[in-house]
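The values are calculated or read from the model by the stated rules, or taken from the named source; none is laboratory data. Worth saying up front: this structure is predicted, and the values here are computed from it rather than measured. As a convention, Cβ positions derive from the backbone with ideal geometry for all residues, glycine included, and neighbour counts pool all protein chains shown.
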Amino acid sequence: MRLRLKLVKWLLLLLPALGGTLEAAIIRGAVVENLTGKPLSRAQVTAQPIGSGGPAVRVSTNPSGSFEITTLRAGAYIVTASRQNFAPVQYGQKDFRSAGLPVILEDVSSTFLNFRLPRLAAISGRVVDENDVGLPNHDLAIYRNAHPPELIRRMQADERGAYRFYGLDPGSYLLRTVAREYEEGSYLPTFSKDNTTVEEARAVEVNLDQEIANFDVRPKQGRLYKMEGTVLPGLPTATGEPVTVRLTRASEMGRDQMETNRGFRFPAAAPGDYELYAEGPGDGSSNCFILGGYLPVPVKDRDFTDIRMPVPCVRETPVSFYEKRGERIEPQKVQLLARRKDLAGPGETRLLRVSVDRVQLPPGRWELMVKPPANYCVVAFSYGGPRTDGAERSRPDGWNEVSAGSGSGALRFTLSASPGAMHGLVSGLAHEPLSGAPVYLEGYDADSHKRVGDLQMGLTDARGNYQFRGLAPGSYRLLASYEFQHPDTATMEYAGAKLVKVEEGMDAPQDLELSVLR
Amino acid sequence: MNCSLTLVLSLGLAAASHAAVLRGMVVEAQTGRPLARALIVVQPVSGGKGATQSLRTNPNGVFEFPPMPAGAYLITASRRAFAPVQYGQKGWKSSGVPVVLEEARETNLRIALPRYGAITGRIVDENDVGLPEHDVIAYRNARPPVMVGKASTDDRGVYRIFGLEPGAYMIRSATKMYDDGGYLPTFYKDATTADGARPVEVVLDQDVPDITVRPTPGCLYSLGGSIYNPGGGRAPLTVTLVSDMGSESVSTDANGRYKFSPVAPGKYELYAQAQGGRTQGAMAAFQPVEIDRDQSDLNFSLRPQPEVQFAFEDPKGAPFDSSSVQVLARQKQLSGEGAAQFLSLTDNRHTFAPGRWEFSLPPNYAFYVAAFRGPNRETRAGERADGWNEVVLTQSALVKFVLSGNPAAVHGAVTNAARDPVAGVPVYLEPYDAEGRRRAGDLRMVRTDVQGQFRFTGLAPGAYRLLGTFEFQMPDASTMDAAGALVIRAEEGAELAQDVLQYVAATTHQ
């Protein structure tokens, strides 16, 4: 670590001298597989300039794993190498979770960089029966070992019951089989090795370039319940047939989907909570942009053989954006992000198009977040429709959960033209200013100890200064460190992130010392 | 495989009638571990007194049937992902031998189920680094090769194609495009043509390892165009490109355009389909295409799906009573043959997706197919029409079967070397082209009854080969050759009596 800080200090001294240099510099190098040293062709190498705001330059390695970037101006760069299924590496990284060090290029110079790319981790094993015979084609799910567990993905074991999850970031995971009913019997969802509750589950820790083998699961036999019924689409097709809708069943085991215009039958379900939602084509009007339905189904101790799920026309949802003093803000000036939230976790984030003060939100649970225009921040959110039962009230500048689809609610976001800001200097152990140092800003709910919104990251400039603008009032945590890339809430806590308060219209100075793990 | 109870049955044994007990255990062949919930089916040999019964093994792999009449039974054990076993099989390709349950006696069986075979290996680049998410295809080693399985490599470039029956296979990497170039489909080992491929031999209970393919870099193309759907507006259509590597589908964009990329040079079939509207049925199109360059203007229009009018006539041209006639159909694509299915005809009509189809009528004691007529296909003098008949359907068409009410039949007994009748032995009947020395239709099989008798009816006149043996299950033409199958000739309306000597191989088959 002492060497790293010396290097950073050296970089700092160099940077002012390099400012304004226009001559081209060259980065050459090679990318190899970490475990074997074999050259990696078609790896991507990206040089991202620091401070200048210029575009990143990207090249691919040739069949010998070599690369050359010849069009760079002198300056400081973060250089990253990546290839599919390998962990991306920033030059100078201490380890997988740490940030890379800037590479300083002088004019008319040539720098040689070697990258060793480690493979992402894997976990393999078998799904076996009571005699240790593999259960063929049994589905499994892998979860990040969090509270509650976070579903990562699902796969199907092969005919020997063998499975292999790969492309995993280092960390702790839980394995669980999915409920399955066969002609010869049914199996409950079971965590490795053979427990049905998460508290008794055996977690597994994986690192890069590592495969944990023989992590077997023995599903417990037990009663599953039928989930069958009928969808009732609100529109017919031109031929008079009911419209076909896409029906999704979500649970903490993941999502099952099917298309139907009448009956449906999902695989038998273990006791637990389920959500059904359906979407089909509407008539294109604002009163029927889609057909949609949403139905929570708690499965306890009986079959559901006659679920009747209406899929009526869904009206577009009114939305408005106002400045705090009451002036209307044109929707074109803001970005409204949405992601479906169901029992399998948050879905993909999508940009909602606002048309005539309305947005298209299918029925179900959704989370909404506004990216305000420059020099604005979000200070309030209201929704006339039902909020989700049990949903926590969040800060309006983060994700706001609503229960959409009733047609009765209107979304209203209030923005302030006087956002807060934060700036400061990052210094090293000898109190010297550090350039190119990553600074992380986390919206933070001090009461619930939870992150609000997305983590922001910036790099200090050539003089070691950072700045964040457009901040909503509230609590934040600040951290400057090379030790991490995108630290989570627990890591921010562990690294001693600084708790700060942002007030509307105020630019708070906050100098930081580089956080170093010893 | 346990074959300790392989017996030649005497007629006296088959006549036994008092309760017998059958119990046993099913285990995994590789490990000897008990197999819970395996399915056991007991079927009496034709003419016996018992009934077909089935049950599943308990958690310890054990089964026991309620007392049943003494006699000869065929016993089959199966479990998901295992190769089913007929008790007494000598090898994978042989048939089970009936087990004789004796009066007031217990019979204990141990059945070991093998797993199907598998082929594993890696797809690697020029530096022996695994290529992730690269598709790999397994073909049965035939001419032309028959696609049987597909897998995708993992992050290490490792693939595993499983569930393979014993036999010879070819492994081929699929087309793949990267940022800086494409890879052609490449057979193991480093060959771009099937003739240069190295076959891989698969047996039960075994993974064939290290079948590593290094795809050949080469030029890939794109295929695109627009599809006109009369009356269908701009609703997206599904377009499917089929080759001997499988199929992929895309949807047309708002302008009705489609595009496939990358595409390796070779022969393809293009299918497009749209749902019908208020006034018309489903619309579709079929277009064979050969790719040797980029094509961005392969445009075509959808037409109503072809409707086939089936007609059934006697040899004099008079209508044939079709109430008992069932038609089998299967689609033929470059990726292989679809499953045969019985057609549900309305007024002897049926609608098909455009493309290549084959039709046949299943054997019926009352008639045989004397001639076939369809688009681009007509039975010529000396040709047989009692097998599959291929047509290309692009528009509505008439398909005619000429049926004769005077089929032939053949019956006889299978005897062993001591001239004793053999009960429960499979007898195979193969329509045979004696001049071309090849199979001329689907193989038929019956087992002899407790008297050792067999009978085939509904035969078209012509040459056939007969074989009675426990050595095989559905032998192919070359196996029939090797076993010295008996060539017979069926005459219209005649019942041929033909006894068959049971074939016993000199060595054990695997």
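Restricting attention to segment A:298-349, the residues being more than 27 Å from residue A:379 (Cα to Cα) and outside any loop (DSSP other than H, G, I, E, B) number 12. Which residue is surrounded by the fewest Cβ atoms within 10 Å (Cβ to Cβ), if the candidates are limited to segment A:48-87 and must be without any contact (Cβ under 8 Å) to a residue 12 or more places away in the chain and more than 14 Å from every other protein chain (Cβ to nearest Cβ)? Within segment A:48-87, the match that is surrounded by the fewest Cβ atoms within 10 Å (Cβ to Cβ) is A:53. Note on segment B:132-146: residues that are at pLDDT 90 or above, in contact with a Phe, Trp or Tyr (Cβ under 8 Å, 6 or more places away or on another chain) and aliphatic (A, V, I, L, M) amount to 2.
Going by the structure shown, is residue A:283 in a loop (DSSP other than H, G, I, E, B), surrounded by fewer than 19 Cβ atoms within 10 Å (Cβ to Cβ) and in contact with a strand residue (DSSP E or B) (Cβ under 9 Å, 6 or more places away or on another chain)? So residue A:283 passes the test.
The number of residues in segment B:124-142 being within 13 Å of chain A (Cβ to nearest Cβ) and assigned to a strand (DSSP E or B) comes to 2. Considering B:374, B:405, the condition of being at pLDDT below 95 and within 22 Å of residue B:334 (Cα to Cα) is satisfied by B:374 alone.
Scanning segment B:408-429 for residues that are hydrophobic (A, V, I, L, M, F, W, C), out of contact with any Ser or Thr (no Cβ under 7 Å at 6 or more places or on another chain) and outside any strand (DSSP E or B), which turns out farthest from residue B:329 (Cα to Cα)? Among those that are hydrophobic (A, V, I, L, M, F, W, C), out of contact with any Ser or Thr (no Cβ under 7 Å at 6 or more places or on another chain) and outside any strand (DSSP E or B), it is B:418. When residue B:68 is tested against (1) aliphatic (A, V, I, L, M); (2) surrounded by fewer than 21 Cβ atoms within 10 Å (Cβ to Cβ); (3) under 29 Å from residue B:476 (Cβ atoms), exactly one condition is not met: (3). Filter segment B:109-123 for residues that are closer than 30 Å to residue B:84 by Cβ and either more than 11 Å from chain A (Cβ to nearest Cβ) or part of a strand (DSSP E or B) (or both) and give the result. Of everything in segment B:109-123, those that are closer than 30 Å to residue B:84 by Cβ and either more than 11 Å from chain A (Cβ to nearest Cβ) or part of a strand (DSSP E or B) (or both) turn out to be B:109, B:110, B:111, B:112, B:113, B:114, B:115, B:117, B:118, B:119, B:120, B:121. For segment B:36-75, the set of residues classified as more than 14 Å from every other protein chain (Cβ to nearest Cβ), closer than 24 Å to residue B:94 by Cα and assigned to a strand (DSSP E or B) consists of B:42, B:43, B:44, B:53, B:71, B:72, B:73, B:74, B:75, listed by residue number. If we scan segment B:410-424, do we find a residue that is surrounded by fewer than 17 Cβ atoms within 10 Å (Cβ to Cβ), at pLDDT 95 or above and in contact with a Pro (Cβ under 7 Å, 6 or more places away or on another chain)? Checking segment B:410-424: not a single residue is surrounded by fewer than 17 Cβ atoms within 10 Å (Cβ to Cβ), at pLDDT 95 or above and in contact with a Pro (Cβ under 7 Å, 6 or more places away or on another chain). When residues in segment A:163-186 are screened for being without any contact (Cβ under 8 Å) to a residue 60 or more places away in the chain, away from chain B (no Cβ under 11 Å) and closer than 14 Å to residue A:129 by Cα, 1 of them pass.
If you go through segment A:323-361 and keep only what is within 22 Å of the chain's Cα centre (by Cα) and not hydrophobic (A, V, I, L, M, F, W, C), you end up with A:335, A:339, A:340, A:341, A:342, A:345, A:346, A:347, A:348, A:349, A:350, A:353. Looking at B:96, B:91, just one residue is more than 11 Å from every other protein chain (Cβ to nearest Cβ), under 19 Å from residue B:446 (Cα atoms) and within 31 Å of the chain's Cα centre (by Cα), and that residue is B:96.
If you go through segment A:142-162 and keep only what is within 11 Å of another protein chain (Cβ to nearest Cβ) and crowded, with 20+ Cβ neighbours inside 10 Å, you end up with A:157, A:158, A:160, A:161. Filter segment A:163-177 for residues that are surrounded by 19 or more Cβ atoms within 10 Å (Cβ to Cβ) and either in contact with a Pro (Cβ under 6 Å, 6 or more places away or on another chain) or among the small types (Gly, Ala, Ser) (or both) and give the result. Matches in segment A:163-177: A:174, A:176, A:177.
On the given criteria, is residue A:99 at pLDDT 95 or above and not aromatic (Phe, Trp, Tyr)? No; evaluated as a whole, the condition is false for this residue. Within segment B:416-433, residues that are closer than 19 Å to residue B:387 by Cβ have Cβ atoms under 9 Å from residues that are buried (at least 20 other Cβ atoms within 10 Å of the Cβ) and basic (Lys, Arg) in these pairs: B:428/B:465; B:429/B:465; B:430/B:465; B:431/B:384; B:431/B:465; B:432/B:465; B:433/B:384, counting only partners at least 6 apart in sequence or on another chain. Cβ-Cβ contacts under 8 Å between residues 6 or more apart (or on different chains), taken from a first residue in segment A:117-134 that is more than 7 Å from every other protein chain (Cβ to nearest Cβ) and without any contact (Cβ under 8 Å) to a residue 40 or more places away in the chain to a second residue that is part of a loop (DSSP other than H, G, I, E, B) and aliphatic (A, V, I, L, M), are listed as A:134/A:157; A:134/B:81. The criterion of at least 1 residues that are touching a Lys or Arg at 6+ places or on another chain (Cβ under 9 Å) and acidic (Asp, Glu) is met by the following strands (runs of 3 or more DSSP E) wholly inside segment B:281-374: B:283-291, B:307-313, B:355-360.
Within segment B:325-357, the set of residues being under 20 Å from residue B:313 (Cβ atoms) and surrounded by 17 or more Cβ atoms within 10 Å (Cβ to Cβ) comprises B:325, B:327, B:329, B:350. If you go through segment B:284-324 and keep only what is under 30 Å from residue B:184 (Cβ atoms), under 27 Å from the mean Cα position of the chain (by Cα) and of a type in the set (S, T, N, Q), you end up with just B:287. Among the strands (runs of 3 or more DSSP E) confined to segment B:148-216, the ones with at least 2 residues that are more than 14 Å from chain A (Cβ to nearest Cβ) and surrounded by fewer than 19 Cβ atoms within 10 Å (Cβ to Cβ) are located at B:167-173.
For segment B:175-192, check the following and say yes or no: at least one residue is under 15 Å from residue B:137 (Cβ atoms), at pLDDT 95 or above and touching an Asp or Glu at 6+ places or on another chain (Cβ under 8 Å). Within segment B:175-192, not a single residue is under 15 Å from residue B:137 (Cβ atoms), at pLDDT 95 or above and touching an Asp or Glu at 6+ places or on another chain (Cβ under 8 Å).
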